[in-house]
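Everything on this sheet refers to the single structure shown next.
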Amino acid sequence: MSGNNSNTITVAIAGVGGQGVLTLAEILAKAALAADYNVRVGEIHGMAQRGGHVMCTVRIGDDARGPIVDPGSAHLLVGFEPIETLREIHIVAENGCVLMSSHVQYPVAVSMGKAEYPPHEEITKSMKKFTDCIMEIDAMELAKQAGSSMALNMVMLGGILGTGVTPIDKDTAVKAVRSAFPKKYESTNIKALELGMSTVQELM
């Protein structure tokens, strides 16, 4: 799938506080700016501290005049966790795609026994009411392969590149990653990006 059919691409990113959602949005925006695209970033989150729901939007292109994204208008919904992805599924366009990490991070209410986590099949069945394009990867497993579970968000960045939805190329993204982290984390983060990218490209 290519993002070239519109001059503005909208990416929505959903996850849990502490997973690196905001960092991913910032790096994606930096990469787009470095490639001379107009960019708007929006943060829509409740408890951004560890454990709370977090949602960000990154709009890339000439018509990206504001960060607000209407329901049914995102070209790509990136979910760090299944239930958090489902929470924002209404934002994806009918012909849009979902990129979701299948690794479950139980919400506080579930951990405390106050709520139940729905079966995976129920989650994906509900998502398919909005779009047929759903790509799943185990981003946590790929991050660990790269060298650190903290590189989860860089796996998802690679996954975004792998979809081809955004106009950002790998070299530009790698430069943005290098500028965002201390040098000691560079090789792990770039490996995570590459693993995410190649895994998603195989799904396309």
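Each reported figure results from applying straightforward, stated rules to the coordinates on display, with no laboratory input. Just so it is clear, the structure is predicted and the values come from calculations on it, not from any experiment. With ideal geometry, Cβ positions are generated from the backbone for all residues, glycine too; neighbour counts draw on all protein chains shown.
Between 64, 12, 192, the Gaussian network model of the chain with springs among Cα atoms under 10 angstrom shows the greatest mean-square fluctuation at 64. For the chain, complete DSSP H runs whose alpha carbons reach 18 Å or more along their own long axis and whose mean Kyte-Doolittle score is 0.5 or higher are 21-34. Of the trypsin sites (Lys or Arg not before Pro) in segment 94-141, the ones in a loop by DSSP (not H, G, I, E or B) with at most 11 other beta carbons within 10 Å are 114, 129. Taking 0.36 nm per residue of separation and subtracting the current Cα-Cα distance, fully stretching the chain between residue 44 and residue 111 would add 21.7 nm.
Modelled spin-label separation between residue 186 and residue 95, with each label point placed 7 Å from Cα along the Cα-to-Cβ direction: 4.1 nm. Note on residue 171/residue 145: beta-carbon distance plugged into 1/(1 + (r/R0)^6) with R0 of 22 Å gives a FRET efficiency of 0.50. Counting only lysines at least 8 places from residue 175 when in the same chain, those with an alpha carbon closer than 21 Å to its own are 30, 183, 184, 191. When Rg and the Kirkwood radius Rh are both evaluated on Cα atoms of the chain, their ratio Rg/Rh stands at 0.94.
So if I place +1 on the C-beta of Lys and Arg and -1 on the C-beta of Asp and Glu, and nothing else carries charge, what would the dipole magnitude of segment 31-143 be about its Cα centre? I want it in debye, nearest 20. The dipole magnitude comes to about 320 debye.
Go ahead and run the numbers for FRET between residue 65 and residue 87, Cβ-Cβ distance against an R0 of 35 Å, rounding to 0.05. After rounding, the FRET efficiency stands at 0.85.
What are the aspartates and glutamates whose alpha-carbon lies under 15 Å from the alpha-carbon of residue 129, with same-chain residues fewer than 8 places away excluded? Cα-Cα hits under 15 Å: 88, 94, 121.
Estimated translational diffusion coefficient (Stokes-Einstein, Kirkwood radius over Cα pairs, 25 °C, 0.890 mPa s) of segment 88-204: 159 µm² per second.
Contact order for the chain, expressed relative to its length and based on alpha carbon pairs under 8 Å spaced 6+ residues apart, stands at 22 percent. The orientation-averaged projection of the convex hull spanning the C-alpha atoms of segment 64-132 amounts to 5.2 square nanometres.
Which residue, 152, 142, 33, tops the fluctuation ranking in a GNM of the chain built on C-alpha contacts under 10 Å? Among 152, 142, 33, the largest GNM mean-square fluctuation belongs to 33. Cysteines of the chain lacking any other cysteine Cβ under 4.7 Å from their own Cβ: 56. Remark: the residue 202-residue 129 segment gains 23.8 nm on full extension, using 0.36 nm per residue and subtracting the alpha carbon distance.
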